[in-house]
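Worksheet: one structure, shown below.
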Amino acid sequence: MLKDALARLSRHTVVYAAAGQLSKVAGFVLVPFYTGWLDQPDYGLNELLTQAIAVLGYLAGINMTTAMARHYFDSAEPSHRRLVVSTTLWTALGASLLLGGVLAVFAEPLGGLLSARAGMRELVWLTLGILVLQLVREVFWRYLQTQERSAAFALSSVSMTVLVIALQIWLVRGLGRGLQGLFEAVLIGEAVAVAALAVALLPRIGLGFSPALFRQLAVYTLPLVPNGVLQFCLHNADRFVLNELRGEADVGLYGFAYKLGLIPNYLLLTPFLMVWYPFIFSVGDEARQKELVARIAAWFLGAVTACVLLVSILAPELTRLMAGKPEYLVAWPAIPWIGAGYWLWAAFQMAQTGFFIRKRTSTLPWLTGLAAAFNIGANWLLIPRYGWIAAAWVTAATFLLLLVVTLRVVRRTFAVDFAWGRMVSPLLVASAVCAAGLLAVPPELGLVGDVPAGTIAVKLALGAAWLIWMWAGWMTAEERAGARALLSRQPKGS
């Protein structure tokens, strides 16, 4: 039943939001620390190297973990499932070592492409070490997700995050190692996490390798390699274009705004997706899958809308609270645009689910490539005229284009009757509420850390009015009754 599916998804999503994304939330909370101890060029370089890890992960085949989750449920036989995981583990380790080893040879020129500052070779080496460890750790974490062992996932994630934060504060503030210290802390944290997970999980998984399963995983994953690189362009190419056209300081300013605009992604979208794909793959009946995709999408996007509204209406206040230096305060206008973009990205995630269910991943690179080409072209065109804020506009426009094209194409593969009226109406009402809040209380830059309580109270009251409309005007009587029943349930162990 839908109520049971929502309860199951909600329970694990809450755990993943609280634990699995703690590192992202901690990164957000530590923004004043980063912006206080790093100048804008260093902060911009941190953004570029962090995104480099992401794109290299796609090249090394991190999306094989998605293939693992899909093929894991092809059989209920424990030996098959163990072999799927161990084959994925060997593949991820081999691919990341091969890619990282080749790039390590060229660390000096690669670092020079990003910055002329000293120590770039060492930063590139640290980045590549993090890449290898991160891919292995992702396989272990995806295994825990497929088994819905959210408590074990939480223990691993929280422990690693606490260790990394403590090391970063010690290395950066205590030892004065600056940007290099940030990456050294991440490397040590990843190494400790991988070692602990290996000790705990390898006795269950084993070290088997199946050439037949490897071929199946590769067929599923190979289209996702270019798709992952192209998705990286959707999310991050604007930093590199901005760096080329305006310099590292503007990248730092935009990266700061982007981090705040991504709060809904940290809190809800990414943790939801951790459980969403294993969950929908485990539902064997295709008609039931279509029904669940359509009905859960409306509720999911309603929750995303709430997060986007909160972040957008409080954008000036969040900027003043999180900025470590006054020069970051002008970043706030980009935040609502980035939030809107990630609402569209969330809708795209629901729309593309059918490709993964039907194992038609070869279509995705073409869709993503179209959106990536638009993103890069629009940024090259608009940034010289309008500056870094244009990158935020292009983010929203890119994800709108991707969603519209995907909805047209996916119907030929996996037709879902989405209730778009119900899905879009909360966003439209939220947009009006956000505009009213920003107009009623005109933003003032003020001082770093100076956040007027009265301003926040007015904006939270407007947000509460939106919630009342959602309860009384958007939800049906049956849904309200179901929501009451769901909220009144006692928490269950994971």
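Just so you know, all these numbers are worked out from the coordinates, no wet-lab data involved. Model, not experiment: these values are computed from the prediction. Glycine gets a Cβ as well: all are built from the backbone with ideal geometry, and neighbour counts include every protein chain shown.
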Using only alpha carbon positions, build the gyration tensor of the chain, then give the equivalent ellipsoid semi-axes as the square roots of 5 times its eigenvalues, largest first, whole angstrom.
32, 31, 22
Contact order relative to length for the chain, counting C-alpha pairs under 8 Å separated by 6 or more residues, stands in percent at 22 percent
Quick check: Cα centre of region 228-297 to Cα centre of region 113-154, how many Å?
17 Å
Once the dipole of the chain is set up from charges on Cβ (+1 Lys and Arg, -1 Asp and Glu), the residue from the list ALA346, ILE296, LEU135 lying farthest towards its positive end is ILE296
Dipole of the chain, positive end: most advanced residue of THR361, LEU123, TYR266 [Cβ charges, Cα centre]:
THR361
C-alpha center-to-center spacing [region 69-108, region 375-407] in angstrom:
34 Å
Defining a contact as two alpha carbons under 8 Å apart and six or more residues distant in sequence, what relative contact order in percent does region 38-222 show?
33 percent
By how many nm would the segment from ARG177 to ALA76 grow when fully extended, if each residue of separation counts as 0.36 nm and the alpha-carbon distance is taken off?
31.4 nm
Compute the Rg/Rh shape ratio of region 38-222: radius of gyration over Kirkwood radius, all on alpha-carbon atoms.
1.01
Relative to the Cα centre, what is the charge dipole magnitude of the chain, using +1 at the beta carbon of each Lys and Arg, -1 at the beta carbon of each Asp and Glu, and rounding to the nearest 20 debye?
1280 debye
Beyond 16 Å, what share of the Cα-Cα pairs of region 111-160 remains, rounded to the nearest whole percent?
55 percent
Obtain the nm distance between the two label points defined at SER159 and ALA461 by a simple spin-label model: each point lies 7 Å from its Cα along the Cα-to-C-beta direction.
4.9 nm
For ARG484 and VAL105, FRET efficiency with R0 = 51 Å and r from the beta-carbon atoms, rounded to 0.05?
0.25
Can you compute the charge dipole magnitude of region 38-222 about its Cα centre, using +1 on each Lys and Arg Cβ and -1 on each Asp and Glu Cβ, nothing else charged? Give it in debye, rounded to the nearest 20.
420 debye
For region 346-359, take each phi angle, set θ = phi - 60°, evaluate the Karplus expression 6.51 cos²θ - 1.76 cosθ + 1.60, and give the result in whole Hz per residue in order, putting x for glycine and proline.
5, 5, 4, 4, 5, 5, 7, 3, x, 4, 6, 4, 7, 6
Any idea what the relative contact order of region 214-352 is, in percent, if you count C-alpha pairs under 8 Å spaced at least 6 apart?
32 percent
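Can you give the FRET efficiency for ALA198 and ILE169, using 1/(1 + (r/R0)^6), R0 = 22 Å, r = Cβ-Cβ distance, to the nearest 0.05?
Working: r = 27 Å, r/R0 = 1.24.
Step by step, r from the Cβ atoms, then E = 0.20.
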